[in-house]
Amino acid sequence: MKHIRIASRASKLALAQTNIVKEALENLSDDVEISIVTISTKGDRDKSDFLHKSESVGFFTSEVENALLDGRADMAVHSLKDLPTAYTAGLTVAAIPKREAAADALVASDPAASLEDLPPGTTVGTSSLRRIAQLHHIRGDLKCVPLRGNVETRVRKVATGQVDAAIVACAGLKRLGLADKISAVLAPEQFLNAPGQGALAVQVRAEDSELIELAHQLDDRLTRIATEAERLVLASMHGGCSIPLGVYARITEGQLKIDAMIADIKGEKYVRHSKTTCLERAASCARELANELLEAGGREILEQLRSG
């Protein structure tokens, strides 16, 4: 029997995601024994400020990857959106399983079926530049405040009145059994998600062909095409992970449609473009879309962000 050690962040959500992969692998083979190795990451330890102020690449992933590289683990499970677009040398993403919801959710202390239902001056907790920019663009009268911590902590801060509302990924709430906390789902066609949001990445060492073959059975081809297109838009923007960029790609009737936006933090300069293509041109389409965003004002927004 083969023993597989899966590295995971220690948060409740990360462990829930890792257990999804663990159970799927166990269903593939009776000849595996799987254990989970928990890793504390800088992103989990540092909850003090807006996330974008950290200059660390791989804020939530690098220490988990190190466990793979130094042999403490054989496999790792990440939220795909947390992985840097430049994959780490010596490692490969063997599987991107079928995606959970890509959308963000509004969690509000008082009933609200949409962002429009929030009263003026509502404090909305989020530390994401993407969410802040879109909130300001849609509702300039809302007040965005820093909100870090795991999903349960953020939901609790709404319930206890520390903030009036929060924006949290639907996928995380669902995986934690907290879907009942969702006041409104923010349709990703309108409120664009982070590249890769809602998807998982199963990572192994690049030379481990046996584990690559096993894990690849969990790969969902359409999810991989869509999420890789989203991540390629981000990579082509040359802005790092923490920029006010939203990208939503989906596949319908054999066609890939990508919507992407970039905005300044105040939501005043807001650039949004869309493209549709065949699946074979997914990568080229993503690069073209990124270039269109840059040419239409995205480059100035990024330069302003860097200088500010």
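Computed over the Cα atoms, what is the radius of gyration of region 176-308 divided by 2.2 N^0.38 Å, N being its residue count? Spell out each step's value before the answer.
Values: Rg = 16.6 Å, N = 133, 2.2 N^0.38 = 14.1 Å.
So the Cα radius of gyration is 1.18 times the expected 2.2 N^0.38 Å.
When DSSP assigns beta bridges and you keep just the ones with both residues in the chain, what percent turn out antiparallel, to the nearest 5?
Percent antiparallel among DSSP bridges in the chain is about 70.
Classify region 230-307 as rounded, prolate or oblate, taking a ≥ b ≥ c as the square roots of the eigenvalues of its Cα gyration tensor: rounded when a/c is under 1.5, otherwise prolate if a/b is larger than b/c and oblate if not.
Taking the square roots of the gyration eigenvalues as a ≥ b ≥ c, region 230-307 is prolate.
Cross-link list K12/K181; K22/K157; K12/K257: which exceed 27 angstrom alpha carbon to alpha carbon?
K22/K157; K12/K257
Hey, any idea what Rg/Rh is for the chain, computing Rh the Kirkwood way over Cα pairs?
Radius of gyration over Kirkwood radius for the chain works out to 0.96.
Given springs between every Cα pair under 10 Å in a Gaussian network model of the chain, which of G267, G254, G198 has the largest fluctuation?
G254
Using the Cα centre of the chain as the reference point, and only Cβ charges (+1 on K/R, -1 on D/E), how large is the resulting charge dipole? Debye, rounded to the nearest 20.
Computed about the Cα centre, the dipole is about 720 debye.
Would you please give the FRET efficiency between M1 and R221, computed as 1/(1 + (r/R0)^6) with r the Cβ-Cβ distance and R0 = 35 Å, to the nearest 0.05? Mind showing how you got there, number by number?
Details: r = 30 Å, r/R0 = 0.85.
It comes to 0.70.
Report the residue, chosen from A260, A249, A179, that carries the largest GNM mean-square fluctuation when the chain is represented by alpha-carbon nodes joined by springs under 10 Å.
Comparing A260, A249, A179 in the GNM, the peak value goes to A179.
Could you name the aspartates and glutamates whose alpha carbon sits less than 18 Å from that of K275, not counting residues in the same chain fewer than 8 places away?
Output for K275: E189, E228, E230, E253, D259, E288, E292, E295.
Which ordering of E228, E288 is given by a fewest-first count of other beta-carbon atoms within 10 Å?
Working: E228 21, E288 17.
Result, fewest neighbours first: E288, E228.
Can you give the FRET efficiency for R72 and S209, using 1/(1 + (r/R0)^6), R0 = 25 Å, r = Cβ-Cβ distance, to the nearest 0.05?
Computed FRET efficiency for R72 and S209 comes out at 0.75.
Please state the Cα pair-distance histogram of region 104-186 with 5 angstrom bins from zero: what percent is in each bin?
Distribution as computed: 3, 17, 31, 29, 16, 4, 0 percent.
If you take the charge dipole of the chain about its Cα centre, with +1 on Lys and Arg Cβ and -1 on Asp and Glu Cβ, which of Q134, S242, P188 is farthest toward its positive end?
Q134
Straight-line reach only, C-alpha to C-alpha below 12 angstrom: list the aspartates and glutamates that K266 could link to, leaving out same-chain residues fewer than 8 apart.
By straight Cα distance, K266 reaches D141.
Which one, E100, E26, E189, has the greatest fluctuation when you compute a Gaussian network model over the chain with C-alpha springs under 10 angstrom?
Between E100, E26, E189, it is E26 that shows the largest mean-square fluctuation.
Read the figures in this text as sums done on the coordinates, not as results from a lab. From a predicted model like this one, the values you see are computed outputs, not experimental measurements. Virtual Cβ from ideal backbone geometry, glycine too; neighbours counted across all protein chains shown.
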